[in-house]
Amino acid sequence: MWTRLVGMLVITAGAAMTFGCSPKAVVPAAVIEDKVFTVIPASVQVKAGIVTGEVADMKVTERVEKGSGRIDSPPKLTGTLKLKNSSTDQSVNLIRGKIQYIDADGKAIKLEETGNNSTITFSSERLDPGQEATKSVDVDFPAEALKAKKLKDIRLELTYLPSAYRDETVNLAVSIGGQ
C-alpha cells in the first residue's frame, strides 16, 4: 500500500514539474514610443467675433512601436486653447469648437475611419465681458496631413451664444427709523 502511495506521489510530482512548474518562455513586450511632430508656429492668435485668444503649445504626437514602426495609436493634435470675451456689453456662452485640417488646395483633409474626434467641448462655460477661459485641446489628426507640404491650415470653428450684458445701478431711497 505504501508502495502504491509513494508511486502515485512520484507520478503526481513528475506531472506537476512537467506541465505546471516549467518556466514559461519570456516574450519581451513591445516598446512603444511617442513620435512628436512640431507645429509651426506652435502658437496662433484667435479672433472670432467678440471672442479673442490663442491656441498655444500645439504639437502632433503619434505612438509607434519601436523597431517595427507599427503605429500603436493614430496621431493626435494637442495644445491649449485660451479664450477671452473682448466685449464690453455682452456675455458669451461657449458651446463647442471644431477643428478641421486644410490642405494646400484649400480642401478639408478627412480623418481616418478610426479617428472622428475633432471637437472641443465646453461644459456650459460662460464668459462675462473681460473674462477668460482655458481649455485643453486633444483631438485626432489625419495621418495624411503628416506628409510634406500637405497641411496648410488648421481651422477652428467656434460656436458660442452672445447675450446682452448690462451693468446698471439703482438707488434705493430709504431712511432709518423715522429719521
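The values are calculated or read from the model by the stated rules, or taken from the named source; none is laboratory data. Not measured: the values here are computed from a predicted model. Every residue, glycine among them, receives a Cβ derived from its backbone with ideal geometry; neighbour counts consider all protein chains shown.
When residues in the range 58-73 are screened for being exposed (fewer than 15 other Cβ atoms within 10 Å of the Cβ), under 17 Å from ASN117 (Cβ atoms) and hydroxyl-bearing (Ser, Thr, Tyr), 1 of them pass. I'd like to check something: does the range 84-91 contain any residue that is more than 17 Å from PHE37 (Cα to Cα), at pLDDT 95 or above, out of contact with any helix residue (DSSP H, G or I) (no Cβ under 8 Å at 6 or more places or on another chain) and not hydroxyl-bearing (Ser, Thr, Tyr)? Among the residues of the range 84-91, at least one is more than 17 Å from PHE37 (Cα to Cα), at pLDDT 95 or above, out of contact with any helix residue (DSSP H, G or I) (no Cβ under 8 Å at 6 or more places or on another chain) and not hydroxyl-bearing (Ser, Thr, Tyr), which makes the answer yes. Within the range 87-96, the presence of a residue that is under 18 Å from LYS147 (Cα atoms) and either among the basic types (Lys, Arg) or within 19 Å of the chain's Cα centre (by Cα) (or both) is excluded. Contact map, the range 21-40: residues that are among the basic types (Lys, Arg) paired with residues that are at pLDDT 65 or above and surrounded by 10 or more Cβ atoms within 10 Å (Cβ to Cβ), Cβ distance under 6 Å, separation 6+ or inter-chain. Pairs shown: LYS35/GLU62; LYS35/VAL64. You will find that of ALA148, ALA133, the residue that is surrounded by 13 or more Cβ atoms within 10 Å (Cβ to Cβ) and aliphatic (A, V, I, L, M) is ALA133 and no other.
Can you name the strands (runs of 3 or more DSSP E) wholly within the range 60-172 that have at least 1 residues being without any contact (Cβ under 8 Å) to a residue 24 or more places away in the chain? Write out each step before concluding.
Numbers: elements: 71-85, 90-103, 119-127, 132-140, 151-164.
So the answer is 71-85, 119-127.
If you go through the range 136-154, how many residues are within 18 Å of GLY79 (Cβ to Cβ) and in contact with a helix residue (DSSP H, G or I) (Cβ under 8 Å, 6 or more places away or on another chain)? Result for the range 136-154: 1.
Yes/no matrix, rows are residues, columns are (1) of a type in the set (Phe, Trp, Tyr); (2) surrounded by 15 or more Cβ atoms within 10 Å (Cβ to Cβ); (3) modelled with pLDDT of 85 or more:
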position: ILE11; (1), (2), (3): no, no, no
position: SER22; (1), (2), (3): no, no, no
position: ALA29; (1), (2), (3): no, no, no
position: GLN45; (1), (2), (3): no, no, yes
position: ILE50; (1), (2), (3): no, yes, yes
position: ALA56; (1), (2), (3): no, yes, yes
position: PRO75; (1), (2), (3): no, yes, yes
position: LYS82; (1), (2), (3): no, yes, yes
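Report yes if SER163 is in contact with a strand residue (DSSP E or B) (Cβ under 9 Å, 6 or more places away or on another chain), within 18 Å of VAL46 (Cβ to Cβ) and of a type in the set (Ser, Thr, Tyr), otherwise no. Judged against the criteria, SER163 is not a match.
Among the residues of the range 107-115, not a single one is more than 20 Å from PRO142 (Cα to Cα), surrounded by fewer than 13 Cβ atoms within 10 Å (Cβ to Cβ), in contact with a strand residue (DSSP E or B) (Cβ under 7 Å, 6 or more places away or on another chain) and not small (Gly, Ala, Ser).
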